[in-house]
1. Looking at segment A:339-379, which of the residues that are outside any strand (DSSP E or B) and over 26 Å from A:Lys197 (Cβ atoms) is modelled with the lowest pLDDT?
2. Please name all residue pairs, on different chains or six or more residues apart, with Cβ atoms under 6 Å, provided the first residue is in segment B:52-64 and is within 14 Å of ligand 1 (Cβ to nearest atom) and the second residue is modelled with pLDDT of 95 or more and among the charged types (D, E, K, R).
3. Report, by residue number, each residue of segment A:189-240 that is among the acidic types (Asp, Glu) and outside any loop (DSSP other than H, G, I, E, B).
4. In segment A:306-343, which residues are within 16 Å of ligand 2 (Cβ to nearest atom) and of a type in the set (A, V, I, L, M)?
5. From the list A:Thr657, A:Thr639, which one is away from ligand 4 (no atom under 16 Å from the Cβ), under 37 Å from the mean Cα position of the chain (by Cα), surrounded by 24 or more Cβ atoms within 10 Å (Cβ to Cβ) and not in a loop (DSSP other than H, G, I, E, B)?
6. Filter segment B:29-43 down to the residues that are within 25 Å of A:Thr520 (Cβ to Cβ) and in contact (Cβ under 8 Å) with a residue 12 or more places away in the chain, then identify the one that is nearest to the other protein chains (Cβ to nearest Cβ).
7. Out of everything in segment A:770-818 that is within 14 Å of chain B (Cβ to nearest Cβ) and assigned to a helix (DSSP H, G or I), what residue ends up being surrounded by the fewest Cβ atoms within 10 Å (Cβ to Cβ)?
8. Of all the strands (runs of 3 or more DSSP E) wholly in segment B:9-59, which have at least 3 residues that are within 25 Å of A:Gln561 (Cα to Cα) and away from ligand 4 (no atom under 16 Å from the Cβ)?
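The values are calculated or read from the model by the stated rules, or taken from the named source; none is laboratory data. Because the structure is a prediction, the values reported are computed rather than measured. Cβ sites come from the backbone with ideal geometry, for glycine too, and all protein chains shown count toward neighbours.
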Amino acid sequence: MTTKTEKLVIIGNGMAPGRMLEHLLEEAPGRYQVTIFNAEPRVNYDRIMLSPVLSGEKSYEQIVIHGDGWYETHGITLYKGHKVVAIDRIAKTVTSDHGVTEPYDKLVIATGSVPFIIPVPGKELPGVITYRDLDDVNAMLLAAQSRQKAIVIGGGLLGLEAAAGLAQRGMEVTVLHVMPTLMERQLDPAAGYLLQKAVEERGIKVICKANTKAILGNGKVEGVELDDGTVIPASLVVMAAGIRPNASLARDAGLATNRGIVVDAGMRTSDGDILAVGECAEVDGMVYGLVAPLYEMARIAASHLAGNSKSAFVHADTPTKLKVTGIDLYSLGDFADGDDREEIVLRDATAGVYKRVVLKDNRIIGTVLYGDTADGTWFNDLKKKRTDISAMRDTLIFGQAYQGGSPLDPAAAVAALPDDAEICGCNGVCKGKITATITARGLSSLDEVRAHTKASNSCGTCTGLVEQLMALTLGDRYNPKAVQPMCGCTDLGHDDVRRLIKAKALKSIPAVMQELEWKTSCGCAKCRPALNYYLVCDWPDEYADDYQSRFINERVHANIQKDGTYSVVPRMWGGMTSSKELRAIADVVDKFAIPAVKVTGGQRIDMLGIRKEDLPAVWADLGKAGFVSGQAYAKGLRTVKTCVGTDWCRFGTQDSTGLGIRIERFMWGSWTPAKLKMAVSGCPRNCAEATCKDVGVICVDSGYEIHFAGAAGLDIKGTEVLGLVKSEDEALLHIVALTQMYREQGRYLERIYKWAKRIGLDEIRRQIMEDTDKRQAYYERFVFSQKFAQVDPWSERVSGKDKHEFNPMAVIHKEAAE
Amino acid sequence: MNALSISMDAAWVLVGTIDDIPRQGSRRVHNGAMRIAVFRTADDRIFALEDKCPHKNGPLSAGIVHDGCVTCPLHNWVISLETGEAQGADEGRTSTFPVRIEGRNVYLDLMPTHAAR
Ligand code: SRM
Ligand SMILES: Cc1cc2nc3c(=O)[nH]c(=O)nc-3n(C[C@H](O)[C@H](O)[C@H](O)COP(=O)(O)OP(=O)(O)OC[C@H]3O[C@@H](n4cnc5c(N)ncnc54)[C@H](O)[C@@H]3O)c2cc1C
Ligand code: SF4
Ligand code: FES
């Protein structure tokens, strides 16, 4: 054991050092006291997944690799938003731009790459964005809100992912690529052509052989001019023309640099106490831009830091895949033409499939697959093992399924892979490791397999293979549905559907079903009401409510009873009523011979047993007395119960009745994921039972204690305290903001207490009590949606809306034949 | 509403037009004391069933129509519009009535194809 812990300082907190630390903590726990400086003001996240964040398929929270808690648990100091500006190799210290100086025993440089900005006039105009980190994505998302035109310079992996994301966000996108075909470094011209077609089918314009002459604009980007004089208008230009290893800091410190920071096979720079890993490192003349080799560097560096000086980095080809949903391509190794090479090509024009395998001395040296990439793993395996393919030459291109007898189904093909076949390219995980870990640790979910093996944990393209391996290893015990799908019509869960509705700006039920590939033609009684709610919530001004997707109660605005009659509950604001209201109810009951009148548990009056045909006439009479629907049937705001408060009660501390009425008048008509019930009690004696409601207020001398997440139905649960506010105005503001947060995030039929459990009480408190901007934004979105929601459905129907619902189509009078 | 008088032996009764029924919706026909629910699917097929769920007599006309079925509003049984059979694990059948379409007119035959069970 070392007596004194050594100081390890890391510059850059990207994917490579993050992985290195995981290895190091495992191999030599406690050996180092670790300090990290990160120019980005955040924790370590999966940079690869920025494209799904851009397109809306994932959120930032979902791509965080190490949350704040992780650093705390491991006693690691992370300086967020600190850029290291100097390394003093004599004093063995580094200094950040905020003036923090830290000494080191060992230093790791992991500064990644910087995007290459093509040197043209106008490159510094506002509106020119690179594509490297979360800030870039946020800038693009902001620009996309305008739904205007965007230009992406660069038709490589990054450029195409950016273009696809921006197009999905509603922008009109043009890709400018300087070479004759797209992704020419990974694809041959034939595959590049297919790719271009697929990209264009997504509504993205592609111009190849496009030389950018200048970016035009006065004070901000207005367009791009090409060499041939063409001018393309745009308000956003994304530079995705390549990356350069970020070696300047090392260069300034006098370390050996070439294209990147020169390191040996043990990741050591020319200074023995300084290592470099990631895209900034150059090993054996090579620099890398995909994570698989960087993770290998991370492993080697950790091993050296842990005291094992023997492990050495070896180069291996990494397959390239494009993360654009619906485009399948795979490229590996060397596929250039050459006299000493042969190739086997398969084209299936109707299916849009192209496969090419390049051979040298009867061994695979390169592969390009487009349209059907299932055999990529198998070809990679043959290549890595340098297998002589002479014997299967005739059928090689058809893939693994055709080798030896009858074609295999995909599961059998995975079963037939050897144990050392690489499944996850990014993390270099082979089949045997996955199956063995599943068995040894009794893993049963994809998340667990990701956590323990790292397979499918980076770019995610091998997820299908990993799932097949799980099915193979676990048999019947494997349940692929880690996410509970909304219903049998889709594999997507509620959260994914909600996110995609926003991201893809889907504004009708047919659009959702088309774009999200619903498996049934028009959904079912489970998904349609849910989708209808999500659309009402997300596009209050644009979406036309789909009547046929509502449950009968919300369609006819009354509660159906067991005999097919209906009950009618008018609002009595805050439980207050008057002789005039009571008289009107009495008259209606008499006039329509309503069989039952009952005081509900929600402080108002229910009239039960009304015939469907009579509903509009009943409402007409109630309306004349000023009644509106109590929405006792709605997945929406129901009741706000109150107690008598300061008006009468000797203990009352605030005007609980007044506040209850104010809340109900402000919030009535709003639709929510499930029903929403509230109450306001005038003192902690709590006569309005506010502490078992979805939202409750307990008035106290010092103000208003806001409660939420209670239940008193199928489950009984006391509320949680959201916080204390001083004034009635603030109470309303906080309650409305909380409700809007729930409206935007809740799954259909999920009561507030279940939602809160899922999201976390602290997170809700943070957003509503502490984050003033968020609270205000929620509040404003609620207010906006109320403009369209606060229409009394009863008076609408009295004036003739949905007449057909209440009248029979035909009445047949039977007459006996004479 | 279409008020109609027919004599007992008439086979086909005109009850209205397709346009009287909302897509993925239903309208009721009063046949004496009996209620018949006439459905129109998303792809404009028309079906007629007694408006009475085989479970506990729920009004099927008030259900949600999807994919050739209706989900009963009372306890969510799913009933096939074509056969009147309860789907899935539930057992029971409601009476169905033959429907004929001429132009946009909808005719019902008031003799059920089979009785409920
Ligand atoms: C009328 C009323 C009972 C009464 O006579 O007092 C009532 C009646 C029904 N309740 Fe209730 N509930 C009534 C107050 C309550 C309360 C008490 C309260 O609101 O303070 C609760 C417990 C509090 C809670 O919700 O946490 C309550 C918990 C439920 C539940 C369980 C909900 C849960 O998530 O646990 C259901 C079932 C459901 O919603 O799925 C339910 C469902 C129903 C339905 C809608 C059943 C149905 O689907 O047909 C009943 C409709 C009858 C009708 O036509 O009016 N009712 N129900 C009360 C109407 C209040 C109002 O004025 O709007
Ligand atoms: C949009 C996108 C999609 C991608 N898709 C894939 C893919 O599908 N497959 C794949 O294999 N790879 C992909 N990559 C590449 C992959 O993300 C990178 O190879 C990898 O993240 C590099 O890791 P790194 O640790 O070397 O550097 P980075 O992750 O870039 O981290 C470097 C960090 O160092 C910080 N830094 C720089 N200078 C300083 C300083 N002086 N002081 C303090 N901090 C500093 C930077 O702010 C940055 O946070 C993609 C990259 C992007 C941008
Ligand atoms: S408790 Fe509510 S749901 Fe149950 S029977 Fe009474 S009113 Fe109906
Ligand atoms: S009455 Fe139809 S499901 Fe119960």
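1. Here is the first cut: in segment A:339-379, the residues outside any strand (DSSP E or B) are A:339-341, A:349-352, A:361-362, A:371-379.
Pick out the ones that are also over 26 Å from A:Lys197 (Cβ atoms) and you get A:339-341, A:361-362, A:378.
Numbers: A:Asp339: 78, A:Asp340: 83, A:Arg341: 84, A:Asp361: 90, A:Asn362: 90, A:Trp378: 89.
This residue is A:Asp339.
2. B:Pro59/B:Asp51
3. Once the filter is applied, which keeps residues that are among the acidic types (Asp, Glu) and outside any loop (DSSP other than H, G, I, E, B), segment A:189-240 yields A:Glu200, A:Glu201, A:Glu225.
4. A:Ala316, A:Leu322, A:Val324, A:Ile327, A:Leu329, A:Leu332 - these are the residues of segment A:306-343 that are within 16 Å of ligand 2 (Cβ to nearest atom) and of a type in the set (A, V, I, L, M).
5. A:Thr639 is the lone residue from the list that is away from ligand 4 (no atom under 16 Å from the Cβ), under 37 Å from the mean Cα position of the chain (by Cα), surrounded by 24 or more Cβ atoms within 10 Å (Cβ to Cβ) and not in a loop (DSSP other than H, G, I, E, B).
6. Applying the filter and picking the extreme gives B:Ala42.
7. A:Lys803
8. B:25-31, B:34-40
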